[in-house]
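The values are calculated or read from the model by the stated rules, or taken from the named source; none is laboratory data. Fair warning: this is a prediction, and the values are worked out from it, not measured in the lab. Cβ: placed from backbone, ideal geometry, glycine included. Neighbour counts: every protein chain shown. Areas reflect the complete protein model, heavy atoms only, side chains present, ligands, DNA and RNA absent. Shrake-Rupley method; radii C 1.70, N 1.55, O 1.52, S 1.80 Å.
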Amino acid sequence: MRGNIISKNEKDFILKSLEDDYRIDGRRPLDFRRVTLRFQEDGRTEVSLGRTRVLAAGSCEIVEPHADRPAEGMINLATEFSPMGNLSFDYNRPLDEVIAINRVVERGIKESKALDTEALCIISGRKVWNVKIDLKILDDGGNLVDATSLAAVAALLAFRVPEVSVQGDDVRVYSKEEREPVPLCIHHVPIAVSFAFFTEGSIAVIDPSNREEQAMEGTMTIMMNSQRELCGIFKGGGVAVDRALVKECMEVASMKAQEIDEVLRDSVKKYNESRLAKRAKPPRGIDVHENVKEKDPAEWREKLKRQREEELQSQGPSQVDMMALEGLLSDMKRAKAEQQEGGGEDVYAKLEEAWNEDDGKLSRDQKNEIDSFVDSVRKATESSSAGAMEVADSGSEEEGVIIQEGTGASKDSGEKKKKKKKKEKISGEVSLMDAVKAQDKKK
């Protein structure tokens, strides 16, 4: 944009630098400035091309279609200049260059059929969507056409129309809380690449700055997509350009369009991921389980099951159910007694088999700690069983002495034997439980 007028010395310096393949900002003739895109939560998009900044915001409304295109929606672009962007801008009387920029960007999107307007139809001949992209130039650092076009395309990729349902002639528009909005159907992404010409069209540079625009003799904008398809060429007057130079500019524009398209799509992908992540996070004060239960009971039960499994896996060994362990130990003691009386399978094999059933739910550290705990209980059980066997042997010797004395004494010895066994059984259970409790306290 032709705002501040530069001096003749500055213009001569710019031309002399271009003859030596250098530019006043340190770039080479075919170097593009850095492109940055920022997406806000409300869908607004800010594009930065060097010092040039453009803000774009999308909106939509339901209108009647044109009579000659009853099944197609509409798309409109409106560009305005911020008074702080350039000192030469008059808010009451827009500059002709702003109108020209809006016309170039709108034609590049519409005439290349980048947007599927038939997808914007709700009821043919009666109701369609009218999508509007508002563009505001925040700062003029040169090459406004490329920055404005990129902001408009980025806004179309990020914008979503509300979901609607049609029943007869009635149209219901759902809010974003009720249903997820629908993205626009975009066939391809046209990228604008502008060139400035100097010294009667013999020198061409890409992405001119605002100082270079003051000294240039002509400009040309080429719109291409990532598939190297030409979407439009716009010559803004000025010096004539040779056909061979135009072909060279098209080759350069195709490569730059692919690079910018990758940056654009990566930025849009990150924005969609962050938007879905924030939407999936429930607001405070809302019971997630109740909401899921009302929509789908099976999904609610499955969610609770997964939460319980995660809680069990996160629990440490000190939180293992000691009631179940005590039950296994009591079974172990009973099987031990059966083994002493007349054989039977290994009691410790039973215990290991019972724990191995839940081995998949335990981590390696939990299993090691439980194994050490079982070993300590095993030692305590063996020591208590050994003490009980010694007492039983001493009781049998006394029993033999009493039986030799007479029949009446043998009856008394039998009762004493039962009392002793009962006492030994109780003492064995107490020692076992003491071992379990002591081990639990130790952990």
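The table below lists the values:
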item: Among Leu135, Ile260, Asn86 - extreme Cα towards positive end, dipole of region 8-277, charges at beta-carbon; result: Ile260
item: Cleavage-rule hits, chymotrypsin sites (Phe, Trp or Tyr not before Pro), region 20-124, DSSP coil, Cβ neighbours within 10 Å at most 12; result: Tyr91
item: Net charge of neighbours whose Cβ lies under 15 Å from the Cβ of Asn9, counting Lys and Arg as +1 and Asp and Glu as -1; result: +2
item: From the C-alpha gyration tensor of region 8-277, square roots of 5λ in Å; result: 37, 18, 18
item: Accessible surface of region 8-277 [probe 1.4 Å, protein heavy atoms]: carbon and sulfur percent; result: 48 percent
item: Neighbour-limited loop hits for GluC sites (Glu not before Pro), region 4-85 (at most 10 other Cβ within 10 Å; DSSP other than H, G, I, E, B); result: Glu41
item: DSSP-assigned coil residues among GluC sites (Glu not before Pro) in region 134-204, each with at most 13 further Cβ atoms within 10 Å; result: Glu177, Glu178, Glu200
item: Accessible area of region 8-277 divided out per residue, in Å², using a probe of 1.4 angstrom; result: 51 Å²
item: Dipole of region 8-277, positive end: most advanced residue of Pro70, Gln40, Ala119 [Cβ charges, Cα centre]; result: Gln40
item: Members of Lys127/Lys256; Lys8/Lys235; Lys11/Lys256; Lys132/Lys256; Lys127/Lys278 lying beyond 30 Å, as alpha-carbon distances in this model show; result: Lys127/Lys256; Lys127/Lys278
item: Whole-Å semi-axes of the ellipsoid equivalent to region 30-182 (Cα gyration tensor, √5λ, descending); result: 32, 17, 14
item: Total formal charge among the other residues, if their Cβ is under 9 angstrom from that of Thr117, Lys/Arg +1 and Asp/Glu -1; result: 0
